[in-house]
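Input: a single structure, listed below in structure tokens.
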Amino acid sequence: MPPTSRFPVLMYFERGGEWMWPLLICSIVAVGVILYKLWSFLTLRANVDALLKQTAERVAAGEIDSAVKLCEASRSPAAQVVVAGLQRAGADRRAIREAAEDEGQHQLGLLESALPTLSTVANISPLLGFLGTVTGMIQAFMAISEKGLGDPAVVAAGISKALITTATGLIIAIPCFAAYNYFVARVRSFGLEMERAASHVVNLLTPGADQDAV
């Protein structure tokens with residue numbers, strides 16, 4: 001029994017030909033990005049409602065510095081938006097909102113980091129698989145032109161290569177698309193929290209200001 005029969009994955013990798021290497025790189029990159037973003041989003045989880053309530057209580061008591069330290073202790077993007085607003089305490093309503101919104105844009109950029117890479121992998125993996133399909137079929141037809149159709153084994157290698165690379169590309173792309181859509185939804189959720197936090201800190205620091213003068 002051939003040694004590779006004990007390791008079907010290695011056997012398929014060998015039969016897939018040269019295009020399995022870039023597909024392997026894509027899979028490694030995808031796994032790395034997915035694990036990184038999962039860990040990142042898990043560490044950013046926080047009870048935003050409780051944080052905003054505690055912040056309001058400290059600001060009402062005149063403890064601005066204490067409220068800033070409370071929010072700085074949290075890794076939540078919404079908390080960082082509140083910090084940016086609190087640091088402009090005493091400024092007009094527009095200045096506070098601009099500071100909060102600028103920080104929100106910064107946090108949004110951090111949340112979206114690495115997602116373009118995941119999207120790229122999801123898009124190019126099937127293309128690499130199809131490229132392997134084309135080269136496999138070319139190989140099969142060249143074998144037919146050289147040796148004819150008398151022996152099916154002549155074209156088996158090319159057809160096997162074509163099917164394996166196509167399947168591998170799709171196997172990589174499907175989880176990538178699912179993970180990408182999940183992460184985009186999480187980024188939107190964080191974005192809504194940051195918008196709410198920005199409005200909260202503006203109203204908290206300028207309670208008597210005209211709501212339209214933003």
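Answer yes or no as to whether residue 110 is in contact with a Pro (Cβ under 8 Å, 6 or more places away or on another chain) and either more than 29 Å from residue 26 (Cβ to Cβ) or not charged (D, E, K, R) (or both).
Details: in contact with a Pro (Cβ under 8 Å, 6 or more places away or on another chain): yes; either more than 29 Å from residue 26 (Cβ to Cβ) or not charged (D, E, K, R) (or both): yes.
Yes, satisfied.
Could you list all residues from segment 45-68 that are over 18 Å from residue 90 (Cα atoms) and either part of a helix (DSSP H, G or I) or in contact with a Phe, Trp or Tyr (Cβ under 7 Å, 6 or more places away or on another chain) (or both)? Before you say what the answer is, go through the steps one by one.
Let us first name the residues in segment 45-68 that are over 18 Å from residue 90 (Cα atoms), namely 45-54.
Result: 48, 49, 50, 51, 52, 53, 54.
Using beta carbons and a limit of 8 Å, which pairs, at least six apart or on different chains, have the first residue in segment 172-195 and among the aromatic types (Phe, Trp, Tyr) and the second one outside any helix (DSSP H, G or I)?
From residues that are among the aromatic types (Phe, Trp, Tyr), the pairs are 190/44.
Which residue out of 62, 17 is touching a Gly at 6+ places or on another chain (Cβ under 7 Å) and of a type in the set (Gly, Ala, Ser)?
Selected residue: 17, the only one of 62, 17 that is touching a Gly at 6+ places or on another chain (Cβ under 7 Å) and of a type in the set (Gly, Ala, Ser).
Residue 84 - would you say it is outside any helix (DSSP H, G or I) and not charged (D, E, K, R)?
no
Specify which of the listed residues (60, 50, 30) is surrounded by 12 or more Cβ atoms within 10 Å (Cβ to Cβ) and either in contact (Cβ under 8 Å) with a residue 60 or more places away in the chain or over 22 Å from residue 174 (Cα atoms) (or both).
30 is the lone residue from the list that is surrounded by 12 or more Cβ atoms within 10 Å (Cβ to Cβ) and either in contact (Cβ under 8 Å) with a residue 60 or more places away in the chain or over 22 Å from residue 174 (Cα atoms) (or both).
Looking at segment 110-149, which of its residues are surrounded by 16 or more Cβ atoms within 10 Å (Cβ to Cβ), β-branched (Val, Ile, Thr) and under 17 Å from residue 16 (Cβ atoms)?
Within segment 110-149, 124, 133, 135 meet the criteria.
For residue 75, all conditions in the list (1) in a helix (DSSP H, G or I); (2) in contact (Cβ under 8 Å) with a residue 12 or more places away in the chain hold save one; what is the number of the exception?
(1)
If you check residue 75 against the conditions, is it more than 13 Å from residue 201 (Cβ to Cβ) and among the basic types (Lys, Arg)?
Judged against the criteria, residue 75 is a match.
Take the residues in segment 181-214 that are hydrophobic (A, V, I, L, M, F, W, C) and not in a helix (DSSP H, G or I), then tell me which one is modelled with the highest pLDDT.
By that ranking, first place goes to 209.
Assess whether residue 25 counts as being buried (at least 17 other Cβ atoms within 10 Å of the Cβ), assigned to a helix (DSSP H, G or I) and β-branched (Val, Ile, Thr).
no
The values are calculated or read from the model by the stated rules, or taken from the named source; none is laboratory data. On a predicted model such as this, the values are computed, not experimentally measured, just so you know. Reconstructed Cβ throughout: ideal geometry from the backbone, glycine too, with neighbour counts over all protein chains shown.
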